[in-house]
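Student: One structure coming up, written as structure tokens, with questions to follow.
The values are calculated or read from the model by the stated rules, or taken from the named source; none is laboratory data. These numbers come from a predicted model, not from an experiment. Methodologically, a virtual Cβ is constructed for each residue, glycine included, from the backbone with ideal geometry; neighbour enumeration extends over all protein chains shown. Accessible surface areas use protein heavy atoms only, side chains included; no ligands, DNA or RNA. Shrake-Rupley method; radii C 1.70, N 1.55, O 1.52, S 1.80 Å.
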Amino acid sequence: YQYSDTNNAIITLKTLPSLPERRLYHKRRAIAAFARELRRLVGRKGSEGWTFVPVPSSKAVGHPDYDARLTVVLGRAFEDFNPDIRNLVRQKESRVAAHKDDSRKRSPENFDYEIDESLAEPCPERITIFDDMITTGASYVAVKRLLMDRFPDAGVRGLFLSRCIHEADFGFFDIVAD
């Protein structure tokens, strides 16, 4: 906890679901705080007409540490706005969380995601990829590529609770002219 308050809150948000209840109490508080802030910043108007797609947990559904925290944050933030929140992208196989694995180069090709076809209809027209932190952008780009391949007519944007500031190779991002 030697960094910023936001970083500490993100660490708390990432608390594993299998940890003791006393730790999960703090996770629930972090979820509530991020949901309030997201609601304040995005609001009803900013959430209408968009399909929110949380970046998948590093653990596959069914794993004891599968974490639906991003879905929960979105649900709490927009609970009475009737949002379209779908876990359209899922982790195929459980892996070490990117924030705990510095041994591998973070690139979009390192993520093993797939579309959950049972949630693909109706086809989204505008997609917001939602994640707690953008570090190198690799998971965002991996999810974006997958969604754009499956839904080529959809507009796609990213929404992040925080960002990591460091020198990194962001060569896999689209170049946008000023």
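Student: Restricting region 3-47 to residues that are without any contact (Cβ under 8 Å) to a residue 12 or more places away in the chain and open to solvent by less than 40 Å² (accessible area, probe 1.4 Å), which is farthest from GLU121 (Cα to Cα)?
Tutor: This residue is ASN8.
Student: If you go through region 103-125 one residue at a time, do you hit one that is modelled with pLDDT of 95 or more and surrounded by 19 or more Cβ atoms within 10 Å (Cβ to Cβ)?
Tutor: yes
Student: Can you pull out every residue in region 75-102 that is among the aromatic types (Phe, Trp, Tyr) and either at pLDDT below 85 or under 16 Å from the mean Cα position of the chain (by Cα) (or both)?
Tutor: PHE78, the sole residue that qualifies.
Student: Which of the residues that make up region 48-91 are open to solvent by less than 30 Å² (accessible area, probe 1.4 Å), among the polar types (S, T, N, Q) and part of a loop (DSSP other than H, G, I, E, B)?
Tutor: Residues satisfying the conditions are SER57, SER58.
Student: Residues of region 127-178 being farther than 21 Å from ASN87 by Cβ, among the basic types (Lys, Arg) and either crowded, with 18+ Cβ neighbours inside 10 Å or modelled with pLDDT of 95 or more (or both), which ones?
Tutor: none
Student: For region 17-47, which residues satisfy the criterion of being assigned to a loop (DSSP other than H, G, I, E, B) and in contact with a Leu (Cβ under 9 Å, 6 or more places away or on another chain)?
Tutor: Step one: list which residues in region 17-47 are assigned to a loop (DSSP other than H, G, I, E, B), which gives 17-20.
Hit for region 17-47 is PRO17, nothing else.
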